[in-house]
Amino acid sequence: MDKETQNIELTYLKPGDYEQIKQLMIDAYTSMSKPYWEEKQYKLLLKIFPEGQIAVKVNGKIAGCALSLIIDSKQFDENHTYREITGNHT
């Protein structure tokens with residue numbers, strides 16, 4: 001660990017983390033025209049499945065995250081789209 005890294009924390013995401021998460025998505029998915037979820041979609045995900053939304057913070061700033069969904073895989077075949085499996089991002 002370098003001298004600048006003082007604290008690494010694994011935590012659940014909160015509604016107030018949206019702007020940091022949005023920027024991480026923009027930075028990570030540069031080939032997509034709109035690479036981030038809207039704030040209302042993000043907050044709905046936190047409401048529906050809060051324990052599946054985690055972040056890694058380094059020195060208090062979000063460095064990475066995992067946004068998770070629970071789906072019934074029996075409802076989808078192998079040729080589903082991202083939009084279909086996420087319920088149009090909801």
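Would you be able to tell me the number of residues in segment 1-41 that are at pLDDT 95 or above and aromatic (F, W, Y)? The total comes to 2. What do you reckon, is L13 of a type in the set (A, V, I, L, M) and touching a helix residue (DSSP H, G or I) at 6+ places or on another chain (Cβ under 8 Å)? Yes. Going by the conditions given, is K34 of a type in the set (D, E, K, R) and either in a loop (DSSP other than H, G, I, E, B) or open to solvent by less than 60 Å² (accessible area, probe 1.4 Å) (or both)? Yes; evaluated as a whole, the condition is true for this residue. Note on segment 48-90: residues that are open to solvent by 80 Å² or more (accessible area, probe 1.4 Å), part of a helix (DSSP H, G or I) and either aliphatic (A, V, I, L, M) or at pLDDT 95 or above (or both) amount to 2. Specify the residue that is nearest to L69 (Cα to Cα); the eligible residues are those in segment 4-31 that are open to solvent by 40 Å² or more (accessible area, probe 1.4 Å) and aromatic (F, W, Y). Ranking the qualifying residues of segment 4-31, first place goes to Y12.
The values are calculated or read from the model by the stated rules, or taken from the named source; none is laboratory data. Treat the numbers as computed from the prediction; the structure is a model and nothing was measured. All Cβ positions, even for glycine, are placed from backbone atoms using ideal geometry, and neighbour counts span all protein chains on display. When the accessible area is computed, the model is the full protein with side chains, heavy atoms only, and any ligands, DNA or RNA have been set aside. Shrake-Rupley method; radii C 1.70, N 1.55, O 1.52, S 1.80 Å.
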